[in-house]
1. From the list I92, I57, which one is at pLDDT 95 or above and part of a strand (DSSP E or B)?
2. Does segment 22-57 hold any residues that are away from ligand 2 (no atom under 16 Å from the Cβ) and aliphatic (A, V, I, L, M), and which are they?
3. Is it the case that G83 is of a type outside the set (V, I, T) and within 15 Å of ligand 1 (Cβ to nearest atom)?
4. Output the residue which, of all residues in segment 83-112 that are within 12 Å of ligand 2 (Cβ to nearest atom) and touching a residue at least 60 places away in the same chain (Cβ under 8 Å), is surrounded by the most Cβ atoms within 10 Å (Cβ to Cβ).
5. Which of the residues spanning segment 72-114 are polar (S, T, N, Q) and either under 14 Å from V51 (Cα atoms) or touching a strand residue (DSSP E or B) at 6+ places or on another chain (Cβ under 9 Å) (or both)?
6. Could you figure out which of (1) at pLDDT below 95; (2) among the aliphatic types (A, V, I, L, M); (3) assigned to a strand (DSSP E or B) isn't true of V11?
7. Output the number of residues of segment 14-39 satisfying the condition of being over 16 Å from C67 (Cβ atoms) and either in contact with a Lys or Arg (Cβ under 6 Å, 6 or more places away or on another chain) or in a loop (DSSP other than H, G, I, E, B) (or both).
8. Within 15 Å of A117 (Cβ to Cβ), touching a residue at least 60 places away in the same chain (Cβ under 8 Å) and surrounded by 13 or more Cβ atoms within 10 Å (Cβ to Cβ): which single residue out of A72, A77 fits that description?
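The values are calculated or read from the model by the stated rules, or taken from the named source; none is laboratory data. Values in this document were obtained by computation on a predicted structure and should not be read as measured data. Every residue, glycine among them, receives a Cβ derived from its backbone with ideal geometry; neighbour counts consider all protein chains shown.
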Amino acid sequence: AVLNRSYHEKVIDHYENPRNVGSLDKNDPNVGTGVVGAPACGDVMKLQIKVDDNGRIIDAKFKTFGCGSAIASSSLATEWVKGKQIDWAKTIKNDDIAKELSLPPVKLHCSMLAQDAIQAALNDYQKKKTQRDSAEKK
Ligand code: FES
Ligand code: FES
C-alpha cells in the first residue's frame, strides 16, 4: 500500500492518524458488525457501530486491512456516523466519502468498501434487534 504525493492531505491525515481504530464486542446486542471485502484488490474492512435505545450511534470502530484510501475512508466513516441516528447513517454514499477525501477515480472502490461496511454493520444491528424484539414478544 503506497501513498504517493498526489494524494489529498485529508487522506494522508486520516491514514496517518486514523480515528476510531479498534473493535467493539460483536456479541453485544447493541453492536452491529460489518465485514466486507473489495473484489478489485482483496482488501478487507471491518466496521462496527454501537447503538443506543433511541437509534443513535454512540460508538463506532474499524479495522481495515488495505490501502491508505480504504483506511482513510473507514476512519472518516466512523467519524461521520458517531452521534448520528441510524437512519442518517444509512444515507451515507461512497461519493460523499470520495468527495471529502478527494479520491482519484481508481480509488473509488476504496470508499465503496466503507459504504458497504456501514450498510453491513447497520443490517447486522437491525437483524439482532428484530430477533430481540420478537423474542420479547413471546
Ligand atoms: Fe494496497 Fe489495496 S492498494 S492493499
Ligand atoms: Fe482496494 Fe483501496 S485499493 S480498497
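1. Result of the check over I92, I57: I57.
2. Passing the criteria: L24, V31, I49, V51, I57.
3. no
4. Taking the candidates together, the pick is C110.
5. S73, S74, S75, T78, Q85
6. Among (1) at pLDDT below 95; (2) among the aliphatic types (A, V, I, L, M); (3) assigned to a strand (DSSP E or B), V11 violates only (3).
7. 15
8. Going through A72, A77 in turn, the sole match is A72.
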